[in-house]
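Encoded as structure tokens, the structure appears first; notes follow it.
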Amino acid sequence: MGTLAFDIVHFLSGGMLVLSLLLLYQARIPAVVNVFAMQAIVLALSVAWQAYLQNAPHLIVTAAIALVVKGLVIPFALHRIVRRLEIHREIETVIGGGPTMLTGLALVALAILLVQPSEAGIVTREDLAFALAVILLGLLMMITRRNAVTQVIGFMSIENGLVLAATGAKGMPLVVEISVAFSILIAFTVFGVFVFRIRERFDTVDVTVVDRFRGERGEHQ
Amino acid sequence: MIGPVEALLIVPAVAVPLLALITNYRLGAALNVIAAGLAFACGVALLFAERVRSELIIVDDFNIYLITLTTLVGFTTSIFSASYIAHELEVGRLTPAFLRFYHAMYQALLGAMNVALLANNIGLMWVGVEVATLSTVMMVGIYRTHEAIEAAWKYFILGSVGIGLAFFGTILVYLAGQEVLGEGLPAMSWDLLVRASPVLDARLLSLAFVFLLVGYGTKIGLAPFHAWLPDAHAEGPTPISAVLSGLLLNVALYVLLRFKMVLAANPATLNVGAIMVTLGLVSLVFAAFMLYRRRDIKRLFAYSSIEHMGIAACAFGLGGPVANFAGLLQMTAHSLTKSAIFFAVGHIAQVKGTQRIAEMGGLSATHPVLAVGFALGVIAIAGLPPFGVFAAEFTLVSSTFARAPALAVILMFGILVSFGALILRLHDIVLGEPRGPTGPVRASYVPMFVHLALVLVMGLWLPEPLVRWFNSVAALLG
């Protein structure tokens, strides 16, 4: 693999990581949705580049799905939901922006430390480190944000990291297509079933409000 | 020619769209039972068919009995479900439109579990567990109450994160395999991976297993990752609690064990057993104490499932032929007993109109048959002889005493603590003054007593082929 090709792979995966960090401290839901859309577009570019490098035309399909579904359709739908539910206010966070960013940086370091010692080829290895960092940051986002919409975005950003890892693994069969198909299914399930039902019942999509109805609370006497 | 393996995948695939289209709920419930019955027939036929091995599908000693067990419990639960659902319609907790969805999802769950069990491809295993998770998420939220939605949401979030991490682990295993086995399908075939394991990159495999353990461990309900489990059991329909506890936890454990076998073949990898023993014991002791604080009957048995999966994980973590044998026995006995208990609990909760233990009581006076079934189930799950759970736990504890007495003490302690809690609750519910409504119950007792009879037989006498399978799998597991 030429140096330029190598650099482009790095540039794109690095871009995804930066966008993951950006996701962490966005204060308003529409901004979170936009950053997520950008991450999906960078993912599409990265997958397309891998398709070219590995000479694997089927990866183009994956790239197209990432671009159209995660880059355009889902963000568009999310914007509509946000407008209709009038939740474009600030997001409540469990931990403040500063500590979240510090934890995020620690997670990136952890990802690198975990993957570096393995004996996989250098490109795969660094790709994996980026992907793992994106996954861990997505997890962090799901933990620190209290809003159902941002939790879904955190989850989809985890999926972005998974697709990045799967396409970086040369010649991995079946799974890329299947996993992408599932990411679509999951996204639609979430919108269709949860967000609307939660709206229907509570007039809010703030998960903490749902928490109050928890089964055993108040039963411990 | 369609063999039993193909049929196991085709039956649910046909049943899902069909059930989604049928508006008559009685017909839907009947078809659900028929489809599950057909799958069970295929599961039995599989026992006598030739072993299959391709790049996608494998049938060996390990999964063959689990498939039969899964299809059996799937079948009996569908019978229980038919009578349970009829009552839910009467009291208006569910509408016929939701039942179409419910039955379709039930078949999707059974089909997905078959995929996970039959898969030789580690990616396909993952797909099976993922689809099974999604279909149960849908069913947990089906009552659309505050609690049900919160439970489903929690399950969805934790389950998907777990599944995401498991997928990352799967990618890492592929990367390790790809260097030796070449690109493409062979590097994802479980049997080829096991054979090539000694020459695979040990570091990559160890790292992969950490992700797989956290990922599938969430699905098994091991202690630090169990938060979704009690809520999902308590708020969904009871037939789903039965298949969740009885089957899905087992399937997740099975998949994790497949990966453990890959690592076991490579001595340079992480000591997987020690981690599994730790997680298993933590789950056991934690769940045992949590049992005392439960006020909700379904939550009580959900925690008991965490406890028993902990025991199984601990057994497989210890390894060796005897402990592995005990682990397999434990998986089977727990699956049958716990689903029988949930059948009883479902009917009790319907009669009493509540799941709160404080509002039940005196069941033996008002519903003697139900009380006997429930009591037998609880006695079996608490680990009293002569039931199968006792046989498993006794084998495990006695073999552990010989090898690691300290661990055996913790194991005994956990089992005894949970025993106390279960017997206390059993006393509250079955004996004493009758409380709450005492109306008649329209229950199908057959599935419950069939399961209990099987567990009893397991405790007294194991059929020869089963012993042979368990022994060969126990040896394979290392």
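The values are calculated or read from the model by the stated rules, or taken from the named source; none is laboratory data. Being a predicted model, the structure only gives us computed values, none of them experimental. Cβ atoms come from the backbone with ideal geometry, glycine included; neighbour counts cover every protein chain shown.
Would you check if there is a residue in segment B:123-137 being assigned to a helix (DSSP H, G or I), over 22 Å from the mean Cα position of the chain (by Cα) and either surrounded by fewer than 17 Cβ atoms within 10 Å (Cβ to Cβ) or among the acidic types (Asp, Glu) (or both)? Checking segment B:123-137: not a single residue is assigned to a helix (DSSP H, G or I), over 22 Å from the mean Cα position of the chain (by Cα) and either surrounded by fewer than 17 Cβ atoms within 10 Å (Cβ to Cβ) or among the acidic types (Asp, Glu) (or both). Look at (1) modelled with pLDDT under 90; (2) in a helix (DSSP H, G or I) and you find that residue B:268 fails only one, number (2).
Rundown of residues vs (1) within 12 Å of chain A (Cβ to nearest Cβ); (2) surrounded by fewer than 24 Cβ atoms within 10 Å (Cβ to Cβ), yes/no style:
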residue: B:216; (1), (2): no, no
residue: B:224; (1), (2): no, yes
residue: B:230; (1), (2): yes, no
residue: B:240; (1), (2): no, no
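If only one of B:169, B:177 is under 30 Å from residue B:269 (Cβ atoms) and either within 8 Å of chain A (Cβ to nearest Cβ) or touching a residue at least 60 places away in the same chain (Cβ under 8 Å) (or both), which one is it? Sole residue among the options that is under 30 Å from residue B:269 (Cβ atoms) and either within 8 Å of chain A (Cβ to nearest Cβ) or touching a residue at least 60 places away in the same chain (Cβ under 8 Å) (or both): B:169. Looking at segment B:427-444, can you tell me whether even one residue there is under 24 Å from the mean Cα position of the chain (by Cα), surrounded by 15 or more Cβ atoms within 10 Å (Cβ to Cβ) and under 30 Å from residue B:289 (Cβ atoms)? No, segment B:427-444 contains no residue that is under 24 Å from the mean Cα position of the chain (by Cα), surrounded by 15 or more Cβ atoms within 10 Å (Cβ to Cβ) and under 30 Å from residue B:289 (Cβ atoms). Every condition in (1) within 14 Å of chain A (Cβ to nearest Cβ); (2) among the hydroxyl-bearing types (Ser, Thr, Tyr); (3) within 19 Å of residue B:76 (Cβ to Cβ) is met by residue B:303 except one, and the failing one is (3). Exactly one residue among B:184, B:169, B:215 is of a type outside the set (A, V, I, L, M, F, W, C) and in contact with a Pro (Cβ under 7 Å, 6 or more places away or on another chain), and that residue is B:184. For segment B:103-118, state whether one or more residues are surrounded by fewer than 24 Cβ atoms within 10 Å (Cβ to Cβ), of a type in the set (A, V, I, L, M), at pLDDT below 90 and touching a helix residue (DSSP H, G or I) at 6+ places or on another chain (Cβ under 7 Å). No, there is no match, as no residue in segment B:103-118 is surrounded by fewer than 24 Cβ atoms within 10 Å (Cβ to Cβ), of a type in the set (A, V, I, L, M), at pLDDT below 90 and touching a helix residue (DSSP H, G or I) at 6+ places or on another chain (Cβ under 7 Å). Filtering segment B:88-97 to residues that are of a type outside the set (Asp, Glu) and surrounded by 18 or more Cβ atoms within 10 Å (Cβ to Cβ) leaves only B:94. Of the residues making up segment B:225-237, none is of a type outside the set (Phe, Trp, Tyr), without any contact (Cβ under 8 Å) to a residue 60 or more places away in the chain, within 30 Å of residue B:345 (Cβ to Cβ) and assigned to a helix (DSSP H, G or I). Among the residues of segment B:168-188, not a single one is buried (at least 24 other Cβ atoms within 10 Å of the Cβ), closer than 30 Å to residue B:297 by Cα, modelled with pLDDT of 90 or more and in contact with a Phe, Trp or Tyr (Cβ under 9 Å, 6 or more places away or on another chain).
Of the residues B:421, B:408, B:391, B:402, the single one that is over 18 Å from residue B:313 (Cβ atoms), assigned to a helix (DSSP H, G or I) and free of Cβ contacts under 8 Å to residues at least 40 places away in the same chain is B:402. The sole residue among B:347, B:367, B:308 that is surrounded by 22 or more Cβ atoms within 10 Å (Cβ to Cβ) and either closer than 30 Å to residue B:478 by Cβ or hydrophobic (A, V, I, L, M, F, W, C) (or both) is B:308. Checking the stated criteria, residue B:356 turns out not to satisfy the condition of being within 14 Å of chain A (Cβ to nearest Cβ), surrounded by 23 or more Cβ atoms within 10 Å (Cβ to Cβ) and touching a residue at least 12 places away in the same chain (Cβ under 8 Å). Here residue B:145 passes the criteria (1) within 11 Å of chain A (Cβ to nearest Cβ); (2) more than 30 Å from residue B:53 (Cβ to Cβ); (3) buried (at least 24 other Cβ atoms within 10 Å of the Cβ) except the one numbered (3). Take the residues in segment B:39-54 that are touching a helix residue (DSSP H, G or I) at 6+ places or on another chain (Cβ under 9 Å) and under 22 Å from residue B:122 (Cα atoms); name whichever of them is surrounded by the fewest Cβ atoms within 10 Å (Cβ to Cβ). Filtering segment B:39-54 for residues that are touching a helix residue (DSSP H, G or I) at 6+ places or on another chain (Cβ under 9 Å) and under 22 Å from residue B:122 (Cα atoms), the one surrounded by the fewest Cβ atoms within 10 Å (Cβ to Cβ) comes out as B:51. Annotation: residue B:354 fulfils all but one of (1) more than 18 Å from residue B:475 (Cα to Cα); (2) in a helix (DSSP H, G or I); (3) of a type in the set (Val, Ile, Thr); the unmet one is (2).
For segment B:367-422, the candidate set comprises residues that are under 22 Å from residue B:452 (Cβ atoms) and polar (S, T, N, Q); within that set, the residue that is modelled with the highest pLDDT is B:418.
Residues in segment B:469-478 that are within 17 Å of residue B:391 (Cβ to Cβ) and either modelled with pLDDT under 85 or within 21 Å of the chain's Cα centre (by Cα) (or both): B:469, B:470, B:473, B:474.
Considering B:151, B:196, B:208, the condition of being touching a Gly at 6+ places or on another chain (Cβ under 6 Å) and either crowded, with 22+ Cβ neighbours inside 10 Å or in a helix (DSSP H, G or I) (or both) is satisfied by B:208 alone.
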